[in-house]
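The values are calculated or read from the model by the stated rules, or taken from the named source; none is laboratory data. Just so you know, these numbers come straight off a predicted model, no measurement behind them. Please note: Cβ atoms are built from the backbone with ideal geometry, for glycine as well, and neighbour counts cover all protein chains shown. Keep in mind that these areas ignore ligands, DNA and RNA; they rest on the heavy atoms of the full protein, side chains included. Shrake-Rupley method; radii C 1.70, N 1.55, O 1.52, S 1.80 Å.
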Amino acid sequence: QVQLVESGGGLVQPGGSLRLSCVASGSLFSIYTMGWYRQAPGKERELVAGITSINITNYADPVKGRFTISRDNAKNTVYLQMNSLKPEDTAVYYCNGRRGPFNNWGQGTQVTVSS
């Protein structure tokens with residue numbers, strides 16, 4: 001399994017950008033399907049974006065065209081570039097890694113979009 005540590009969250013004004021990073025420790029990162037999820041207060045955790053081991057990506061409708069997920073297997077890292085941020089993007093963002101029966105989560109990083 002892998003252990004995941006997110007970073008890059010913070011406070012940003014509407015229209016701004018942030019890049020989240022998730023570093024994985026452990027082996028076989030390259031064959032994990034990685035994803036970013038978010039959970040806003042009072043809401044369920046939802047998928048934001050995912051990327052497979054062969055770099056096939058998918059995005060939730062609210063973030064299409066604004067967010068980009070990518071991975072660097074040499075650095076065991078997955079990124080989420082977030083542009084044109086909106087107040088409704090405010091949430092705790094979690095990194096997820098899946099491989100077979102293994103499903104690993106990071107501790108989360110807070111993203112707040114506010115003026």
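Remarks
- Residue satisfying all of: in region 52-98; part of a strand (DSSP E or B) and open to solvent by 40 Å² or more (accessible area, probe 1.4 Å); nearest to Leu28 (Cα to Cα) among these: Arg98
- Filter result for Pro41 (exposed (fewer than 12 other Cβ atoms within 10 Å of the Cβ), farther than 14 Å from Thr109 by Cβ and in contact with a Ser or Thr (Cβ under 7 Å, 6 or more places away or on another chain)): no
- Among residues of region 40-62 that are farther than 17 Å from Asp72 by Cα, those with a Cβ under 7 angstrom from a residue that is open to solvent by 60 Å² or more (accessible area, probe 1.4 Å), sequence gap 6+ or separate chain, pair up as Arg45/Gln39; Ala60/Glu46; Ala60/Leu47.
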